[in-house]
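Here, each number is a calculation from the coordinates, and none is a lab measurement. It should be emphasised that the depicted structure is a prediction, and the values quoted were computed from it without experimental measurement. For neighbour counting, all protein chains shown are included, and Cβ atoms are generated from backbone atoms with ideal geometry for every residue, glycine included.
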Amino acid sequence: MQQLPLHVGPADQAAFDNFYPGDNGALLHALREIAAVAQRAVLWVWGPPESGRTHLLQATSSTADAAGYRTAFVPAADVSVGVGVLEGLGELDVVCIDDIDQVAGSAEWERALFGLFEGLRQSGSRLVLSARCAPLHAAFELPDLASRLTSGATFRVQRLTDEQKQAALQHRAAWRGLELPDDVAQFLLTRADRSTAALFRLLDRLDTESLAAQKRLTVPFVRGVLDAAQRGR
């Protein structure tokens with residue numbers, strides 16, 4: 001097994017079980033299949049930053065790794081990651097490249113990606129890509145690469161409704177062994193940044209604060225944490 005440690009992990013382990021699907025059930029099913037079934041596939045996942053793309057690719061890589069496949073997760077947008085990281089990845093079983101659109105237009109990256117694609121195709125491996133846009137709108141200049149990147153399935157990460165955000169918060173809390181009552185979850189949605197990434201970061205803080213204070217998550221306790229954070233700015 002080979003899972004490249006090329007990223008800083010999230011506050012929670014990126015897993016399929018702690019990702020609330022909302023309207024992304026088909027996408028989640030497709031990624032689970034890629035992680036578990038040794039069959040050639042290309043899948044492109046797109047959506048705005050902090051939409052869950054990175055979580056899903058990390059979950060795909062870690063799930064495939066746990067199943068005994070040779071995997072790699074590559075954060076292409078990380079400036080510390082050079083194109084040389086792609087060398088040899090064509091021999092792996094599952095390769096996940098996050099933010100691939102961030103290297104579009106780089107002749108060096110595009111040539112390397114084309115070589116990787118061909119290596120994975122010949123070995124019957126699986127390639128999962130994420131970007132901010134659909135493949136047809138990515139600014140790749142190498143025609144052969146652009147055509148190959150559009151050859152697989154494409155999924156857009158669907159945004160969660162407010163009701164789904166509450167369910168996602170409670171789902172993530174339960175996964176962490178934390179009780180988040182309905183009234184507290186609803187209070188968070190009215191007082192905090194409503195993006196799911198910000199809500200999950202807040203949940204991480206509340207978990208730490210409640211553990212330190214040995215208190216359950218109630219509206220008064222959460223209000224106190226939020227007020228203290230506001231005063232500390």
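Overview of values
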quantity: Rel. contact order, % - alpha carbon contacts under 8 angstrom, at least six apart, the range 25-156; calculated: 34
quantity: Hz values of 3J(HN,Hα) by residue in the range 155-172 - Karplus curve (6.51, -1.76, 1.60), Gly and Pro given as x; calculated: 10, 9, 6, 7, 5, 7, 6, 4, 5, 5, 4, 4, 4, 5, 4, 5, 5, 5
quantity: 3J(HN,Hα) from dihedral phi, the range 193-202, Karplus parametrisation 6.51/-1.76/1.60, rounded to Hz, x for glycine, proline; calculated: 4, 8, 5, 4, 4, 5, 5, 5, 5, 5
quantity: Qualifying trypsin sites (Lys or Arg not before Pro) for the range 145-206 [loop in DSSP, other Cβ within 10 Å: at most 16]; calculated: Arg159, Arg176, Arg194
quantity: Mean separation of Cα contacts under 8 Å (6+ apart) over length of the chain, as relative contact order %; calculated: 23
quantity: Cleavage-rule hits (GluC sites (Glu not before Pro)) in the range 57-128: DSSP loop, at most 11 neighbouring Cβ within 10 angstrom; calculated: Glu87
quantity: Degrees, to the nearest 10: 53-66 long Cα axis against longest axis of the chain; calculated: 70
quantity: Selection from Val79, Val225, Thr150, by position along the positive dipole direction of the chain (Cβ); calculated: Val225
quantity: Max mean-square fluctuation residue, GNM over the chain, Cα-Cα springs under 10 Å, options His55, His137, His171; calculated: His137
quantity: Dipole magnitude of the chain about its Cα centre (Cβ charges: Lys, Arg +1; Asp, Glu -1), debye to nearest 20; calculated: 520
quantity: The range 113-226, relative contact order [Cα under 8 Å, separation at least 6], %; calculated: 18
quantity: Net dipole in debye of the range 60-141 [+1 Lys, Arg Cβ; -1 Asp, Glu Cβ; about Cα centre; nearest 20]; calculated: 200
